[in-house]
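Peer 1: Got a structure for you, questions after.
Derivation of every value follows stated rules applied to the coordinates shown; laboratory data play no part. Computed from a predicted structure; not experimentally measured. Cβ coordinates were reconstructed from backbone atoms using ideal geometry, including for glycine residues, and neighbour counts include every protein chain displayed.
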Amino acid sequence: MSNRSFKSAMLAGVALLAGMLPVAAQTLNVEEIVVTVRKRAESLQEVPLSVTAFSQESIEQQQISNLDDLARLTPGFTMGDGFGYLDARPSLRGQSNIRGASQPTLGVLIDGIDIPYRTGLNVETLDIERIEVVKGPQNALFGRGVLSGAINYVTLRPSLTEAGGYAEIEGATDGLYDLRARANIPLSPKFAVAIAGRYSDFDGFYKNSLTGQDTVGGHEFKTVVGTALWEPSDVFSAYLRASYSDEFRGNPQRHTVPGNRQTGALASQVWFIGEVKADPNLISHNCDDCKSLEREFTWTSLDLEWDVGSGTVSSLTGFTKSDILLDQDSDFQGLSASLPAGPPFFNNLNQLLIQDFKTVSQEVRYTSPESDPFRWILGAYYYNQKADVAGASILGIKPNQIVPPLTLQSDETETYAVFGQAAFDITDQLTTSAEMRWNRDELWSNGTRDGRPFPLNTSFKNVLPRFTLDFNATDDTLFYMTAAKGSKPGGFNTALGAGTGTLPLNLIPFNEEKAWNYEAGVKSTLLDGKLIANAAAFYIDWSNIQVDDQFLNPNGTTLGFTSNGGKARVKGFELGLQALPTENIDLTLGYSYNPARILNQQDSRARAAGILYTGWRQLPFSSDHSVSAAIRVNGDINADWTWYAQVDSRFDSTQYATTANLAEIGTRFVSNLRLGVDDENSSIQGYVKNLFDSDTATNVQPFINAQTLRRVFLVTVPDPRQAGVRVRRNF
């Protein structure tokens, strides 16, 4: 889509939305959502931050179970998977994660407790009451690894007053079956428990073209969640949550394409220039009987709150444990056993990783009463993560594989922090606030190098502030300005499976990223609550970006590693509209413009291919433009039953493979259709995902051909159109 067509479509959408608003007053109001992104319960329209929030009803009807589902509904947020399911590449406001072996710029939390990124951020969720997507650095209150923003899943607590629950079954094309259920049991007026479970089985959309087997993209999920809520008095509450999930995922739906242009004098100097096409017929691998990805995830949290009269004391304790087995074809090419079994990969490269992660976190804070003109929060935080990893690169095709001994490595991260927030009402309309976090990360890594123990240790200290000024021009209009500093931890080039090999000692560590985000915005509720219109403009000054780099060994092999690639900037704005023109129509429109540009960062792989460039370049894994729009129409069938129909659409402008800005996926447009009927206790929904069967690739990145060592590109094939039905019964 051209820029002119894109702008015309945007203006038409806004005009259509404005034109449908009625003049006559009606007793309609857009749903009010309460969020806790500042460690306090506040109305979404009263928080001086850019936040997209989803209620429990929206989560259920929109079928939001993971970050991919969330991304299609959140402008400015895109999701990509690099080399596999454990390599999440989220991008918020264009701040993408270029190097898969480093931590993403975006933090993902459950009830405020951090999900370790190396276990796979894109977890399947269940029993969620609310999702909060808050944009801009959130380090001051949320802690480490939230440079571009944070996604917080707020879980559903048991009800002390009503017994009940639900049972739900879903079936869809390509062999998808999904069962969910929940039961809430009040055991006394002060104590209640709830249990929820999910089983999901999916054959996958595509086959291994080498063998014809259904070993691509399928899954099997088993999840159980148990919660307990105890409120013995009006001043104390205890909320305990424990969950366990067992996930299996088939080989990812990726394939490689060769370069299409000679870019240098050497035969190996080729690159792909232009739009890369995804072709499901090219998906092939030599691992039909591999385990692919198996992950067990245990999550336990305890949230305690005491009202001490002068304020509230809170304690949040978290424990997570992840056991991961990754066993998949890592050259993403189905190679015939009849090919010469020579180096480098003896016809095939299979990666084996066994990972065991444990984390413990503890936060304690004091919160003053919300009604005071001077309000404050003071807290302390501790986090410990331990990872034991074993890995090997298996060469060849069964039964002639070469299986080397496993390489062992252990890593540990320890974080200490104190944080605070102070807000003061200068007048009834004007409020100023400041947040501050002192944070220290200590990192250790213990592995081997040249057959000898190789211990590493480093630390990062930061003072991370956020300053806010907000002005309530009216009861329904809020103007705000913020300035916030964010950081993303550094680390070591030792991650097994990251393709680093043996690097010179000076290239082992890499530094943390830092960014300042300056933002001004307005939130308004108009036409007696029938229209919400929010907008924000922002400028991000970003330095020490962690990028892909390469080191050429004396033996001729090339090693990939993480280095710090200079500075970048993002100058953008966002617009969000939600309207109820009549009691039967709900319209939403969101637009985000976030052109992320990095200065003079020469991608080493492109340079090796004879491609040289300077100046500002678009960051990979990010889109300059994204638009989300939806229209929902509903009505009555009779006194008990209602119906609804909804179409939601998402547009994203092109993304590039590297900062060379040559290989790209092109613009992507996806629509979904939902039709449903429901009454007080039952609902039936039919849906079609990817209604127009868009086949635009979702991701592309440079890769290496297993046999020739020439540059190729790895393409992620999108999900095709899928139709299904969900039936739910509340009790």
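Peer 1: Points 7 angstrom from Cα along the Cβ direction at LEU325 and TYR382: gap in nanometres?
Peer 2: 3.5
Peer 1: Rounded to the nearest 20 Debye, what is the dipole magnitude of region 3-730 about its Cα centre when Lys and Arg each give +1 and Asp and Glu each give -1 at the C-beta?
Peer 2: Using Cβ point charges on Lys, Arg, Asp and Glu, region 3-730 gives about 2620 debye.
Peer 1: How long are the three semi-axes of the equivalent ellipsoid for region 28-171, computed from the Cα gyration tensor as the root of 5 times each eigenvalue, in whole Å, largest first?
Peer 2: 25, 19, 14
Peer 1: Moving on. Under 14 Å from a point 7 Å along the Cα-to-Cβ line of VAL193: which residues of region 227-268 have their amide N that close?
Peer 2: In region 227-268, the label zone of VAL193 (backbone N under 14 Å from the point 7 Å along Cα→Cβ) covers 227-230, 240-243.
Peer 1: Through the Karplus equation 6.51 cos²θ - 1.76 cosθ + 1.60, θ set to phi - 60°, convert the phi angles of region 185-190 into ³J(HN,Hα) values in whole Hz; use x for Gly and Pro.
Peer 2: 10, x, 8, 6, x, 10
Peer 1: Order the peptides 357-367, 264-274 from the highest to the lowest mean number of other Cβ atoms within 10 Å of their residues.
Peer 2: The densest-packed peptide leads the list: 357-367, 264-274.
Peer 1: So, one more: Once amide H atoms are built 1.01 Å from N in the peptide plane, which residues 5 or more positions from SER563, or in another chain, come under 5 Å H to H?
Peer 2: VAL547, ASP549
Peer 1: Same structure, new question: What aspartates and glutamates sit close enough to LYS222 to cross-link, taking a C-alpha to C-alpha distance under 18 Å and skipping anything fewer than 8 places away on the same chain?
Peer 2: GLU124, ASP127, GLU168, GLU170, ASP178, ASP201, ASP203, ASP246, GLU247, GLU294, GLU296, ASP323
Peer 1: Separate question: Just to confirm the number: angle between the C-alpha axis of helix 3-19 and the first principal axis of the chain, 0 to 90 degrees, nearest 10?
Peer 2: 20
Peer 1: Kindly provide log₁₀ I(q)/I(0) values, in the same order as q = 0.08, 0.10 Å⁻¹, from the Debye equation applied to equal alpha-carbon scatterers of the chain.
Peer 2: Evaluating at q = 0.08, 0.10 Å⁻¹ gives log10 I(q)/I(0) of -0.65, -1.05.
Peer 1: Still on this structure: What distance in nm separates the simple spin-label points at GLN63 and ASP425, each placed 7 Å from Cα in the Cβ direction?
Peer 2: Reported label-point gap for GLN63 and ASP425 is 4.6 nm.
Peer 1: What is the sum of charges around GLN601, taking Lys and Arg as +1, Asp and Glu as -1, for the other residues whose C-beta is under 15 Å from the C-beta of GLN601?
Peer 2: Charge balance near GLN601 sits at +3.
Peer 1: Under 8 Å for C-alpha pairs, at least 6 residues apart: give me the relative contact order for the chain, rounded to a whole percent.
Peer 2: Rounded, it is 13 percent for the chain.
Peer 1: Okay, next question. What are the residues whose amide H is under 5 Å from the amide H of ILE110, where those residues sit 5 or more places off or on another chain and H is modelled from the backbone?
Peer 2: Placed amide hydrogens put ILE115, TYR153 under 5 Å from ILE110.
Peer 1: Which lysines, on any chain, are close to LYS386 with Cα under 19 Å apart, when same-chain ones fewer than 8 places away are left out?
Peer 2: By straight Cα distance, LYS386 reaches LYS321, LYS358, LYS488.
Peer 1: Could you list the residues of region 273-289 with an amide nitrogen less than 20 Å from a label point located 7 Å from the Cα of THR211 in the Cα-to-C-beta direction?
Peer 2: 280-289
Peer 1: What order, most packed first, do the peptides 433-439, 236-242, 121-127 have when packing is the mean number of other Cβ atoms within 10 Å of each residue?
Peer 2: Peptide ranking by packing, descending: 121-127, 433-439, 236-242.
Peer 1: Using a cut-off of 17 Å between alpha-carbon atoms, which aspartates and glutamates can reach LYS523, once sequence neighbours fewer than 8 places away in the same chain are excluded?
Peer 2: Excluding near neighbours in sequence, the set is GLU31, GLU32, GLU42, GLU46, GLU132, ASP470, ASP475, ASP476, GLU574.
Peer 1: A follow-up question, please. In a solvent-free Debye calculation with one equal scatterer on each Cα, what is log10 I(q)/I(0) for region 172-291 at q = 0.12 Å⁻¹, listed in the order of the q values?
Peer 2: -0.69
Peer 1: Using θ = phi - 60° and the Karplus form 6.51 cos²θ - 1.76 cosθ + 1.60, what ³J(HN,Hα) does each residue of region 315-324 get, whole Hz, x for Gly and Pro?
Peer 2: Values, residue by residue: 10, 10, 10, x, 9, 10, 9, 10, 10, 10 Hz.
Peer 1: Which net charge results when you count Lys and Arg as +1 and Asp and Glu as -1 among the other residues whose beta-carbon is under 14 Å from that of ASN350?
Peer 2: -3
Peer 1: Hey, another quick one. Work from the charge dipole of the chain (Cβ charges, +1 for Lys and Arg, -1 for Asp and Glu, about the Cα centre) and give the residue of VAL389, SER188, ALA473 farthest towards its positive end.
Peer 2: VAL389
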